[in-house]
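Presented below is the structure to which this report refers.
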Amino acid sequence: MASMSIRSTYAFDPDTVESIRTLAKRWKVSQAEAVRRSVRIAVAQTSDEPTPNQVLAHYRNQGAPRDWEETRAIMGQLRAERDSDDLRRTDWPE
C-alpha cells in the first residue's frame with residue numbers, strides 16, 4: 001500500500017457519510033480506503049476513452065468502417081497468416 005503523506009478534511013452530508021460507512025463495511029476496508037477506491041472508480045468511469053458499450057453503440061449506429069469486400073479480404077489475409085503460423089509452430093525438426 002502507498003504511503004499516505006497528505007491529509008485533507010472534507011465536509012460531507014449525512015447521507016454521503018452513511019454511504020462511505022456502508023461501502024467500507026461491504027469492502028471490509030477503512031472509510032478512507034473506501035473513499036480512495038470510490039474516487040479511482042469515478043475517474044476510470046469518466047475517462048475520455050469510450051467504454052466497450054459505447055464502441056458497440058457507435059458501430060451499430062454508424063456501420064462498419066469498411067465495406068464487406070474489404071472486410072472479407074482482411075479476414076482472408078488474417079486466416080492465411082494464422083495458418084502459416086500454425087504450420088511453423090507444428091513443423092518441428094526431427
Next on the checklist: I need the full set of residues from the range 20-53 which are in contact with a helix residue (DSSP H, G or I) (Cβ under 9 Å, 6 or more places away or on another chain) and of a type in the set (S, T, N, Q), in order please.
Outcome noted: T22, S30, Q31, S38, T51
Item to check | Only one of R60, R7, R66, R40 that is surrounded by fewer than 11 Cβ atoms within 10 Å (Cβ to Cβ), basic (K, R), at pLDDT below 95 and more than 23 Å from the chain's Cα centre (by Cα) | outcome: R7
Next on the checklist: Checking E94 against (1) assigned to a helix (DSSP H, G or I); (2) modelled with pLDDT under 85, only one condition comes out false. Which one?
Outcome noted: (1)
Checklist entry - Is it the case that L56 is touching a Ser or Thr at 6+ places or on another chain (Cβ under 9 Å), hydrophobic (A, V, I, L, M, F, W, C), without any contact (Cβ under 8 Å) to a residue 40 or more places away in the chain and assigned to a helix (DSSP H, G or I)? => result no
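The values are calculated or read from the model by the stated rules, or taken from the named source; none is laboratory data. Because the structure is predicted, anything quoted here is derived from the model rather than measured. FYI the Cβ positions are ideal-geometry reconstructions off the backbone, even for glycines, and counts take in every protein chain you see.
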